[in-house]
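Take a look at the structure set out below.
Please treat every number below as a calculation from the coordinates, not as lab data. For clarity, every value in this text was computed on a predicted model and none was experimentally measured. Ideal geometry is used to build each Cβ from the backbone, glycine not excepted, and the neighbour counts take in all protein chains shown.
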Amino acid sequence: MLTIDDFLMYLQGDRAYSPRSIRTYADALGSFQNFFQALDDQLDWDKIDADIIRRWMAAEMERGIGARTVAKNLSALRSFYKYLLRMGCVSKNPAHLIKNPKVHYPLPTFLKQSEMNRLFDDVEFPESFEGVRDRIILLTFYHTGVRVSELVGLNVADVSLTTSELKVTGKRNKQRIIPFGKELTDEMARYVRLRNEWTATLEGPLFLGKDKKRMKAESVRNIVSHYLSMVTTQKKKSPHVLRHTFATVMLNNGADLEAIKELLGHESIGTTEVYTHTTFADLKKEYEQAHPRA
C-alpha cells in the first residue's frame, strides 16, 4: 500500500509542486489520517467512506478552521485518492462526490459618493509635481477601477488622450482597454505635460517617484491611505477600496454587470456579482434606517 510520503514524492518529482504546496498537502492528509485512525485503528484508505470524510470536515470547522481551508484540504484528499486509484491501491474515491463547504466571502468595502466628492472637490492637493501626480493616481483608480499592480505598470504609451482610453495589462498579461471621462482626460493631459517636462522624455513609466523611476505599489498604497484618511473614518483605505468604489458606483448608476466585469478584468461574472450583494446590503441598511416600521 502506498503511503502519504509516496504521494508527496510524486508531487515533488513528477508534478514539480512547490515546497509550500507539498506542506499543505502533507498537513491536510496527515490531519485526515490521524482523524480516521482515532475513530478506528483498523480503518485504512480503502475502507473510508464519505460519511467519515464529512465527519472530519465538521470536526475541522468546529476547531475553528475556516471554510476555505477545509475546502483546500478536501481538494488535497481528492487528489490523493485519484493517485491511489490510478495506482490500483483503492477501489473507489469516497471524496469525489463530497461538496466543498460554503464559503462566505466578505462584502467589499467602498466609499460613499459624498466621500469621493469631498476627496476631489474639497481636499487641497499641493501644486507640486507630486501633488498633481497624487491627485491623478486617485482619479485613475476612481475612473477606471484598475488594480494597484496595473496602475504602477502603466507607461505613457498606454494612455490615449485623443480617445480617452487606457490600455491596461492585467493578470496573466491579459490586456484590456478602459475608457474614461472628461475630468480624467483633462487632468491627465496636465499631468503628462508636467511629467514630460520634469523627465525630458515622452516615454517610459507613467507614474514616477522622486527618483524619476517607476513608482512602487507600496508608495501608491501609502498615498491612497493618506488622502482617504482625510475623507473617511473606515479602517480600509487601500487602492482596492477605490476599485470596489468604482464598481459599486457603476452598478448603482445603471451599468450592465457584464460591462463591469470587462472593465475590471474579471475572469468570471461570479466574481463581479459580489457587487450586486454590496448594493443590496447598502440598500437594505438605508431601508432599515428610513422606514418607521423596519
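What is the distance in Å between the Cα centres of region 126-156 and region 91-120?
27
Let me test this: with uniform point scatterers at the alpha carbons of region 13-121, what is the Debye-based log₁₀ I(q)/I(0) at q = 0.19, 0.22, 0.23 1/Å?
At q = 0.19, 0.22, 0.23 Å⁻¹ the computed log10 ratios are -1.03, -1.29, -1.37.
Treating only the Cβ atoms of Lys and Arg (+1) and Asp and Glu (-1) as charged, compute the dipole magnitude of the chain about its Cα centre; round to the nearest 20 debye.
Charge dipole, the chain, about its Cα centre: 240 debye, nearest 20.
Mean residue ellipticity at 222 nm from the helices of the chain, using -39,500 (n - 2.57) per DSSP H segment of n ≥ 4 over the full residue count, to the nearest 500 deg cm²/dmol?
The helix-only estimate for the chain comes to -18000 deg cm²/dmol at 222 nm.
Distance check, please: which entries in LYS171/LYS213; LYS72/LYS237; LYS182/LYS236; LYS212/LYS236; LYS182/LYS212; LYS216/LYS237 exceed 19 angstrom between their Cα atoms?
LYS171/LYS213; LYS72/LYS237; LYS182/LYS236; LYS212/LYS236; LYS182/LYS212
Given points 7 Å out from each Cα along the Cα-Cβ axis, report the ASP41 to SER128 separation in nanometres with one decimal.
Computed distance between label sites ASP41 and SER128 equals 7.2 nm.
Run the quick spin-label model on ASN155 and LYS236: label points 7 Å from Cα toward the beta carbon, then report their separation in nm to one decimal.
Here the answer is 3.3 nm between the modelled labels.
Sort region 1-73 into rounded, prolate or oblate with this rule: let a ≥ b ≥ c be the square roots of the eigenvalues of the Cα gyration tensor; rounded if a/c is under 1.5, and if a/c is not under 1.5, prolate when a/b is larger than b/c, oblate otherwise.
Because a/c hits 1.5 or more and a/b fails to exceed b/c, region 1-73 counts as oblate.
Subtracting the Cα-Cα distance from 0.36 nm times the residue separation, let me have the gained length for THR162 to ARG23 in nm, one decimal.
44.8 nm
Length gain on complete extension for the stretch LEU202 to MET87, per 0.36 nm per residue less the alpha carbon to alpha carbon distance?
35.3 nm
Treat the count of other C-beta atoms within 10 Å as a stand-in for reagent exposure and order LYS237, LYS171 from fewest to most.
By the 10 Å Cβ count, ascending, the order reads LYS171, LYS237.
About the Cα centre of region 1-114, what is the dipole size in debye to 20, counting +1 per Lys and Arg Cβ and -1 per Asp and Glu Cβ, all else neutral?
Dipole magnitude for region 1-114 comes out near 740 debye.
Can you tell me how much longer the chain between ASP186 and LEU97 gets when fully stretched, taken as 0.36 nm per residue apart minus their C-alpha distance, in nm with one decimal?
26.4 nm is the gain from fully extending ASP186 to LEU97.
How charged is the neighbourhood of PHE129? Take every other residue with its Cβ under 12 Å from the Cβ of PHE129, and add Lys/Arg as +1 and Asp/Glu as -1.
In short, +3.
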